[in-house]
Amino acid sequence: MTTDLEPGFQSLGQATARAIVTRGALHDRLQGSLLVHGPAGAGKDAFVDDLLALLLCVDADRSRRPCNACRGCRDARARAHPDLVIGSPERWRDSRSSTESIVSVARRWLLEAAGAPVVAERRIVLVEHADAANEQTQNALLKALEEPTRRHMFILVADEPSRLLPTVRSRCQPLRIGPVPRQELVTWLMDRHRIAADQADAFARLSGGLTGVAFSYVREPDRVAWQRRAQAELLALLEKGRADRFGSVRDLLDDAGRQASPVPDELAASNEDAESARALSAVQRNGAQRLTAAWLELTRDLLVASAGRTDLATSAELVPALPRLAVRIAPARWLAFIRLLERIHEGLRESAAPRLAMEVAMLEWPSPESR
C-alpha cells in the first residue's frame, strides 16, 4: 500500500461531490446515508476510496483529512479497516447456502453491520452495486436507513440510481460522479500514468471523460484494439443477414471473454469440475457485459452521428465507417436499440444467459432496410 500520498483526495475532478463531503466532514454535519452514483467507469471506486479515507482518518486537524498518512487512512484505502463493513448483492449471493434466499443473507448481514464501532467514531457500511439489489433486498436496506444512528454511516454505490426504490434514494445525500473535462483527464493520464500526450488524448477521447474507463485503457492496452475489432464487426453486420449475425455471436463473445478474463488452459479443458464450469460461465458473462458496453457506446455514437454530430461520437476515430452507416437508419431505431441493450446489460448483472442475450440483440440490431 502506497504511503507517500499528499493529503487530500486522490481521485480526479468531481468538485461538487468533493466539496459536499469535505465541508460536511469538517463540521461534522454529513448526512448519515450517502449515495455515490454515476455511469459505469466514471471513477466511483476511486472517489469512494477518498471518501472512506476522509471518514476514517484520525488526524487531529480535521482540515487535513484525509491526511493519507495515518493508520485510519491506510486501512480505509486498503478496504481493511475494522470499522468498514462491505456488502453487495454479488457478495450476498455468493455467501448464501443452498436453502437461503439472498434477502435472508442481506438481512443477516445488515444485522451484523449494525454492531458498535471498534476503533473509529463511526462504523462505515458500504453497499456496492446497490442498484443491482432486488426490491425485497432494497426494502431490507431501507429499514436500516430509516433508523440511522450517530454510530453508523451508510454509503451506497450505484450506476443507475433510478433502479433504487424512491424511498431509498430519498434517505440519501446524492453524490454524482461524472465525466471530467478532456484536457484535465489528458494531463492526469500523462502525469499519473506516464503515457505520451497523443496516447493520453486518444484514451481521454475514447473514454468520454470517464476516468475509470480511461484508466482501463492504460491498464489493458489491448482493450482499444479489441474494441476496434468488435465495433467494426458489429458495423459490418448491419448489412448482413440473420444467419451471418447469429453465426458471429460466438466469436464475438469468445473474443470479448478472452479480453475480459483470460481462462487458463487447464480450466478450459475441464468439462466435469463444477468449479471450472462456474469459472467459465463467469468469463462468458464478463465478456458479454464488456461486449454489451462496447455495443452501447457504438450505438450511442451512431445515434449522434445520424443527427449530424459525428464530432460527439467517441468511436469515430476507431471506426471510420461510422458516419456513412449512421445516416442510413432512422434515429428512432437507434434509440430503441439503445434501450434494448440497456435492459440486456441490466439482465446480465442478474441471471440472463450471455449467449442468448447476445442473440436477442443481434436479432434486433437495425439494418438499412429498417428505415
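Do we have any residue at all in segment 283-295 that's modelled with pLDDT of 90 or more, crowded, with 16+ Cβ neighbours inside 10 Å and among the aromatic types (Phe, Trp, Tyr)? Yes, some residue in segment 283-295 is modelled with pLDDT of 90 or more, crowded, with 16+ Cβ neighbours inside 10 Å and among the aromatic types (Phe, Trp, Tyr).
With respect to (1) over 25 Å from the mean Cα position of the chain (by Cα); (2) at pLDDT 90 or above, the lone exception for Glu266 is condition (2). Where helices (runs of 4 or more DSSP H) fall entirely within segment 143-258, those with at least 3 residues that are under 18 Å from Glu317 (Cβ atoms) and at pLDDT 90 or above are at 182-193, 222-237. The set of residues from segment 200-229 being crowded, with 20+ Cβ neighbours inside 10 Å and of a type in the set (Phe, Trp, Tyr) comprises Phe203, Phe215, Tyr217. Does any residue in segment 12-36 that is more than 14 Å from Asp49 (Cα to Cα) and among the aliphatic types (A, V, I, L, M) come within less than 6 Å, Cβ to Cβ, of a residue that is open to solvent by less than 30 Å² (accessible area, probe 1.4 Å) and part of a helix (DSSP H, G or I) six or more places away or on a different chain, and which pairs are these? Going by the 6 Å Cβ cut-off, the qualifying pairs are Ala25/Leu54; Leu30/Gly24. Tallying residues that are out of contact with any strand residue (DSSP E or B) (no Cβ under 7 Å at 6 or more places or on another chain) and either under 22 Å from Leu156 (Cβ atoms) or open to solvent by less than 60 Å² (accessible area, probe 1.4 Å) (or both) within segment 174-186 yields 5. For segment 162-173, check the following and say yes or no: at least one residue is out of contact with any helix residue (DSSP H, G or I) (no Cβ under 9 Å at 6 or more places or on another chain), open to solvent by 70 Å² or more (accessible area, probe 1.4 Å) and among the small types (Gly, Ala, Ser). Yes: one or more hits. The residues of segment 336-371 that are under 21 Å from the mean Cα position of the chain (by Cα) and of a type in the set (Asp, Glu), listed by number, are Glu342, Glu346, Glu350. Residues in segment 299-358 that are buried (at least 18 other Cβ atoms within 10 Å of the Cβ), among the polar types (S, T, N, Q) and assigned to a loop (DSSP other than H, G, I, E, B): Thr314, Ser315. Does segment 43-50 contain any residue that is of a type in the set (A, V, I, L, M), under 21 Å from Asp83 (Cα atoms) and within 23 Å of the chain's Cα centre (by Cα)? Yes, there is a match, as at least one residue in segment 43-50 is of a type in the set (A, V, I, L, M), under 21 Å from Asp83 (Cα atoms) and within 23 Å of the chain's Cα centre (by Cα). When the helices (runs of 4 or more DSSP H) confined to segment 1-98 are screened for residues that are surrounded by 15 or more Cβ atoms within 10 Å (Cβ to Cβ), at pLDDT 95 or above and not β-branched (Val, Ile, Thr), those reaching at least 1 such residues are found at 15-26, 44-56, 71-77.
The values are calculated or read from the model by the stated rules, or taken from the named source; none is laboratory data. Computed from a prediction, not measured in an experiment: that's the story for all the values here. No Cβ is skipped: glycine too gets one built from the backbone with ideal geometry, and neighbour counts run over all protein chains shown. SASA here: full protein model, heavy atoms, side chains in, ligands and nucleic acids out. Shrake-Rupley method; radii C 1.70, N 1.55, O 1.52, S 1.80 Å.
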